[in-house]
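So the structure is just underneath, and the comments pick up after that.
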Amino acid sequence: MSAQSSCSNGSSCSSCEHQKDSAECQLKATLSQIKHKIVVMSGKGGVGKSTVAVNLALALALEGKSVGLLDVDIHGPSIPKMLQLEGVTLYTSNGQLLPASLGALKVMSIGFMLQSADHAVIWRGPMKIGVIKQFLTEVCWGALDYLIIDSPPGTGDEPLSVCQLIPDAAGAIIVTTPQAVSEADVSKSVNFCQQLNFKILGLVENMSGFICPKCGELTEIFSSGAGASLSGKYNLPLLGKIPIDPVVCRGGDDGEPFIHHYANSASAKAFASVIQPILALDQA
Ligand code: ADP
């Protein structure tokens, strides 16, 4: 991606007319066109953060909202695979990079720029921060109702950059699994947001029991309750509990998100409670 030499937003960016830093001006201009920016994060990897981000973005798009999905997991971008967008070619227009599209959903990920899916990105903090800034300033997102940002696990450079670059974000959705070990790690994400004064919209407990595909019975495979416990401890809404469900995993592997391709599954029904408060943001 090439750096922009001037603020391309012209007259609509009058508040920063005299600003010397054109990148900052461009960032403000881009963000001002996006109504609700939501970061999906977790203190722990493998808890289903990308799964939640993909299905949330798609669910909002299916509700007729204009939605962007930004994958800032620089070292482990899984969004292209989860949406069957691997190998897409990206184009530019007026010096800006056009996001990949899946119907009305606009998608950007470092994964689109890698030579192959198993290519390792070996970057230090400043390079990661730079590319995240470029994803926000040099990608032609246009006017959006929602931008969902899938952040890598932990409290490192990527979530920190996103929170600092988007101070007016609607907030974070924090994903946990039911076990106590997850609770300890996810607490760090809660503390991270609190220290940065970054709002938390709520928690999602994923892999919350297993629903037998034959009889529909729910079995608690892991110890349970991290979502409810975190919710009580930090006074945060528990937005939903998504069971372990083979269709969720299959949907991720095959690029067929469960919210759409398995809309009648128990998981898709459980996910409905996660979507409602996010949809309500646009009705406020
Ligand atoms: P993270 O982004 O937190 O690393 P992912 O969203 O990539 O986690 O999920 C890790 C793996 O677990 C993926 O293969 C995904 O399909 C699977 N998975 C996530 N949630 C569920 C679920 N509720 N039931 C079954 N498999 C799931």
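Quick one: order H261, H119 by neighbouring beta-carbon count within 10 Å, fewest to most.
Fewest-to-most ranking of H261, H119: H119, H261.
Out of all DSSP beta bridges with both ends in the chain, state the antiparallel percent to the nearest 5.
Around 20 percent antiparallel, to the nearest 5.
Antiparallel versus total DSSP beta bridges in the stretch 169-284: what percent is that, nearest 5?
15
Take each of the peptides 42-54, 153-165, 186-198, 81-93, average the number of other beta-carbon atoms within 10 Å over its residues, and list them starting from the highest.
Result, highest mean first: 42-54, 153-165, 186-198, 81-93.
To the nearest 10 degrees, how steep is helix 180-195 against the longest Cα principal axis of the chain, on a 0 to 90 scale?
30
Using only the alpha carbons, work out the radius of gyration and Dmax of the chain in angstrom.
For the chain, the Cα-based Rg and Dmax read 18.6, 65 Å.
Compute the label zone of A284 within the stretch 162-189: residues whose backbone N is under 12 Å from the point 7 Å along Cα-to-Cβ.
Under 12 Å, as judged by backbone N against the label point of A284, lie 169-172 of the stretch 162-189.
Arrange the peptides 71-80, 228-237 so that the one whose residues have, on average, the most other Cβ atoms within 10 Å appears first.
Going by the mean number of other Cβ atoms within 10 Å, highest first, we get 71-80, 228-237.
With angles folded into 0 to 90 degrees, how steeply does helix 266-281 sit against the dominant principal axis of the chain? Use alpha carbons for both and round to 10.
It works out to around 40 degrees.
How do D185, D254 rank when sorted from fewest to most other Cβ atoms within 10 Å of their own Cβ?
Ranked by crowding around the Cβ, least crowded first: D254, D185.
Provide T176, T137 in ascending order of the number of other Cβ atoms located within 10 Å of each residue's Cβ, fewest first.
Going from sparsest to densest Cβ surroundings: T137, T176.
Using 0.36 nm per residue of separation minus the Cα-Cα distance, give me the extension gain between A104 and N191 in nm, one decimal.
27.8 nm
Name the long-range amide H neighbours of S208: under 5 Å, sequence gap of 5 or more, or other chain; modelled H, no Pro or chain starts.
Here I242, I244 satisfy the definition.
Within the stretch 175-207, what residues put their amide N at less than 20 Å from the label point 7 Å along the Cα-to-Cβ vector of E220?
Of the residues in the stretch 175-207, 176-187, 203-207 have backbone N under 20 Å from the label point off E220.
Each reported figure results from applying straightforward, stated rules to the coordinates on display, with no laboratory input. What you see is a predicted model; the values in this text were computed from it and never measured. FYI the Cβ positions are ideal-geometry reconstructions off the backbone, even for glycines, and counts take in every protein chain you see.
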